[in-house]
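Presented below is the structure to which this report refers.
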Amino acid sequence: MNVSLQVHRVETTLTQNGTLTLDHLPFQAGEAVEVIVMPNKLVPLSTDLYPLRGTPLQYDEPMGSVAEENWEALSCLPLLTGDNGP
């Protein structure tokens with residue numbers, strides 16, 4: 001089944017009473033069309049694209065391990081090195 005989708009974009013302004021008029025559309029009279037109306041301006045999610053820029057940073061242990069207790073491989077380390085404790 002071959003389906004052709006023809007899209008026509010129009011930017012216009014609503015009249016004072018909220019009426020929308022579309023002229024000179026490239027469709028045949030009597031042809032069914034779908035109309036989607038949305039605002040023409042994009043609303044930014046945030047006005048600041050980099051909210052953390054300029055905030056102070058502090059590294060408590062920059063060379064320390066992260067989540068060392070979660071590494072299963074470390075529990076096998078004494079077996080591999082031959083160090084079985086005191």
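The values are calculated or read from the model by the stated rules, or taken from the named source; none is laboratory data. The structure displayed is predicted, hence computed values, not measured ones. Glycine also receives a Cβ, built like all others from the backbone with ideal geometry; neighbour counts cover every protein chain displayed.
Before we move on, is Leu14 modelled with pLDDT under 85, under 33 Å from the mean Cα position of the chain (by Cα) and in a loop (DSSP other than H, G, I, E, B)? No. Scan segment 15-73 for residues that are small (Gly, Ala, Ser) and farther than 30 Å from Leu5 by Cβ and jot them down. Within segment 15-73, Ser46, Gly54, Gly64, Ser65, Ala67, Ala73 meet the criteria.
Within segment 55-85, restricting attention to residues that are polar (S, T, N, Q) and at pLDDT 75 or above, the residue that is nearest to the chain's Cα centre (by Cα) is Thr55. Residues considered: Pro44, Pro39. Of these, the only one that is loosely packed, with under 10 Cβ neighbours inside 10 Å, on the phi < 0 side of the Ramachandran plot and modelled with pLDDT of 75 or more is Pro39.
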